[in-house]
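Working notes, structure below.
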Amino acid sequence: MALLGLGTVGQGVFELLQIHRERLREKLGVDLEIKKILVRDLSKSRSVKVSKDILTTDFGEIIRDEEIKIVCELMGGIEPAKTYLLESLKAGKQVVTANKAILAESGEDIYDLAMKKGVYLGFEASVGGGIPIIKILREALIGNRIECILGIINGTTNYILTRMLENNLSFEKALEEAKQKGFAEADPTLDLKGFDSAHKIAILASLAFGAFIPYEWVYVEGIDEIDLMDLKFAKQFGYIVKLIAEAKQSRRGIEIRVYPALLPENHILTSVRLNYNAIYIKGDFVGDILLYGLGAGKEPTASAVMSDIVTAVEYLQFNKFPLIRYPSRVKDALKLVPIEESIFKYYFRFTAVDRPGVLSKISGILGNYGISISSVVQIGRQIRKGAVPVVMLTHETKEERVIGALKEIDCLDVVKARTKRLRILS
Ligand code: NAP
Ligand code: HSE
């Protein structure tokens, strides 16, 4: 086999094979050998000891080599990774990838080609790190109509939120740690702005709902505008902030989104800390399932890649053909429910002038939009000259009402900064 990439994940796979090659040979009756590894920089120092003879910067050496039957794409980014994936499938090689961006943004072409060529396309490492969520959704839960998926599926942002709240770390310091530990994407804005979670939930929704769900359907908000102050105020009200990804299917259509949410402290997902992920699934026959594990990092991701490599070997050994179809087609019957029509409870933090009558102005506008308040706290501490934070929690309301009300409130002369708005998950 060949690896494309010898970064965090590639080195993890290499190391796993160094440690477990003999054990795998005993279990499978097959010796797994890495024949070539594609890298960008041949002279870079690596955490694993690799013979220079197997490193290459020329993909041609891999694609032309008929002894290489399995290609593992662990490079990341869209190009040239996507071209290499398509070339490998065209050449009839079994393909394993950890690349959620490509699958979410151009999965249709890749799934389609894998089916046409009758080869295995493994992407267990694309979602949930070491959690075997792809095989569970594709295979173990195939007898179910999946109604809902809800989870924490980005290790970097969960790590940052945990370190900020529990250890008072600044956002920047927590991000630096996540980068050093190998959790973050090469471009960490993908993690911070919620795009990585959006890629992952689009992949999961496609598997769950049996049709390609376009990535553009995912409503995305990240944690890049989250303030430590909001994490602490939320805690005072008995909530923990988490970056949530969810996909639901109902008679109204598909709701699919990523957003930072306040979760009641007793919610099961609040115990998911640091680079752990958890995914809750509801199926019509199986009922509720909760999967939990390390969602990012070298070792857990290598574990997921190895499970795909072994499945690829099984396809090769027994001349297998994929029975379960990949979700390569968009279904016209599926409709997206826009975020404006979704219903949530909300947390608002207004930056308001500390003077009588201000609260009634704000609550008056909320009232005009039919938004009912469940709690209000004015915190005495000034955050701008003459302005203090006022935190309000609401009862359930439609998002479009919130958009309208906040637009008016933020134009009031007594409001000194854009209002912070977070959704609350019950
Ligand atoms: P990484 O540490 O940045 O490693 C990328 C590797 O790909 C490097 O070895 C790099 O070569 C090589 N590479 C990049 N562009 C190349 C090019 N144009 N030609 C040849 N080689 C190239 O990335 P990573 O964290 O391992 O992530 C890899 C993939 O796994 C991504 O799709 C990521 O989203 C996914 N993933 C990551 C994790 C995680 O925890 N890190 C978990 C699950 C999935 P050089 O070393 O020579 O620069
Ligand atoms: N950057 C990703 C994360 C890697 O932090 O979850 C795992 O997919």
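Bear in mind that the values in this text are calculations on the coordinates, not laboratory data. In this text, all values refer to a predicted model and were calculated from it rather than measured experimentally. Reconstructed Cβ throughout: ideal geometry from the backbone, glycine too, with neighbour counts over all protein chains shown.
A few points about this structure:
- Pairs from Lys193/Lys248; Lys242/Lys385; Lys52/Lys298; Lys116/Lys320; Lys27/Lys135; Lys361/Lys385 whose Cα-Cα separation, in the structure shown, is over 25 Å: Lys242/Lys385
- Helix axis angle, 298-318 relative to the chain longest principal axis, alpha carbon, degrees: 40 degrees
- Rounded to the nearest 10 degrees, the angle from helix 171-180 to the longest Cα principal axis of the chain is 10 degrees.
- Sequentially through the stretch 244-261, phi angles give Karplus couplings (6.51, -1.76, 1.60; θ = phi - 60°) of 9, 10, 9, 9, 10, 10, 9, 5, 6, x, 9, 10, 9, 7, 10, 6, x, 10 Hz, Gly and Pro residues having no value and appearing as x.
- Computed on the stretch 2-65, with alpha-carbon pairs under 8 angstrom and 6+ residues apart, the relative contact order is 36 percent.
- Loop trypsin sites (Lys or Arg not before Pro), the stretch 7-109 (other Cβ atoms within 10 Å of the site Cβ: 16 or fewer; DSSP): Lys35, Arg40, Lys44, Arg46, Lys49, Arg64
- Among the GluC sites (Glu not before Pro) within the stretch 10-81, those in coil by DSSP and having at most 16 neighbouring Cβ atoms inside 10 Å are Glu33, Glu66, Glu67.
- DSSP bridge pairs, the stretch 134-296: antiparallel proportion in percent, nearest 5: 95 percent
- Per-residue packing, averaged as other Cβ atoms within 10 Å, sorts the ranges 310-322, 414-426 into the order 414-426, 310-322, beginning with the highest.
- Values of log10 I(q)/I(0), in the order q = 0.23 Å⁻¹, for the stretch 339-424 under a Debye, Cα-only, solvent-free model: -1.12
- Residues Lys90 and Gln378, FRET efficiency given R0 of 60 Å [Cβ-Cβ distance, rounded to 0.05]: 0.40
- Dipole magnitude for the chain: about 780 debye, using +1 per Lys or Arg Cβ and -1 per Asp or Glu Cβ, origin at the Cα centre.
- Short-range pairs are left out: with C-alpha atoms under 8 Å and at least six residues apart, the relative contact order of the chain is 17 percent.
- Ordered from longest to shortest, the equivalent ellipsoid semi-axes for the stretch 118-242 are 30, 17, 13 Å, each the square root of 5 times a Cα gyration tensor eigenvalue.
- Straight-distance crosslink candidates among aspartates and glutamates, where the alpha carbon sits under 12 Å from Lys90 and sequence neighbours closer than 8 are dropped: Asp109, Asp112
- Annotation for the stretch 246-275: trypsin sites (Lys or Arg not before Pro) lying in DSSP loop with at most 16 further Cβ atoms inside 10 Å of their Cβ are Arg251, Arg252, Arg273.
- Take every pair of alpha-carbon atoms less than 8 Å apart whose residues are at least six positions apart; their mean separation over the length of the stretch 339-424 yields a relative contact order of 47 percent.
- The stretch 85-113 residues near the modelled Lys35 label - backbone nitrogen below 19 Å, point 7 Å along Cα→Cβ: 85-97
- Positive-pole candidate from Phe344, Val391, Leu366, dipole of the stretch 339-424, charges at beta carbon: Val391
- Over every Cα atom in the chain, the radius of gyration and the widest Cα-Cα span, Dmax, amount to 23.8, 79 Å.
- By DSSP, the beta bridges lying fully in the chain are antiparallel in about 75 percent of cases.
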